[in-house]
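Written out below as structure tokens is the structure these notes cover.
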Amino acid sequence: MFGKTWQSSERQYDVHVERDLEIPVDDGIDLVGDLFRPDADGSYPVIVSASPYNTEFQSARMTPRRATSQNAWIEAGDPYFFARRGYAHVVVNVRGTGKSDGEFRNLGPR
């Protein structure tokens with residue numbers, strides 16, 4: 001639980017969102033993901049989150065709270081939080097899920 005004096009870092013940027021980007025991988029398929037980045041020129045460190053759950057759900061805006069059965073499947077974290085603080089955040093569907101090509105094989109060789 002968060003204490004009474006808890007704070008996050010300051011927001012520094014607006015957020016630019018690019019949805020349904022195709023990311024080619026070495027075996028010829030495309031993974032599909034969403035990019036959230038600061039709405040400013042420059043280079044930014046990248047956080048990559050991969051999930052079999054729809055990217056629309058993974059990029060839902062969040063507020064700090066405990067994990068429950070209603071939100072535990074949101075694995076990526078809040079990309080708006082990261083982008084506002086100077087990070088690019090890519091939320092991508094693993095192969096064979098969401099809009100990504102390929103076949104999903106849980107714990108498969110890829």
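Can you tell me which residue in segment 1-41 is farthest from Gly102 (Cα to Cα), limited to those that are small (Gly, Ala, Ser) and open to solvent by less than 60 Å² (accessible area, probe 1.4 Å)?
Here the residue is Gly3.
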Close pairs from segment 3-20: first among the β-branched types (Val, Ile, Thr), partner part of a strand (DSSP E or B), Cβ under 8 Å, at least 6 apart | Val15/Phe36; Val15/Arg37; Val15/Pro38; Val17/Asp34; Val17/Leu35; Val17/Phe36
Could you pull out the residue among Tyr44, Tyr80 that is at pLDDT 95 or above and aromatic (Phe, Trp, Tyr)?
-> Tyr44
Keeping to segment 83-110, report how many residues are more than 12 Å from Tyr44 (Cα to Cα), part of a loop (DSSP other than H, G, I, E, B) and either open to solvent by 30 Å² or more (accessible area, probe 1.4 Å) or at pLDDT below 95 (or both).
-> 16
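The values are calculated or read from the model by the stated rules, or taken from the named source; none is laboratory data. Fair warning: this is a prediction, and the values are worked out from it, not measured in the lab. All Cβ positions, even for glycine, are placed from backbone atoms using ideal geometry, and neighbour counts span all protein chains on display. Surface areas here come from the heavy atoms of the whole protein model, side chains and all, with no ligands, DNA or RNA. Shrake-Rupley method; radii C 1.70, N 1.55, O 1.52, S 1.80 Å.
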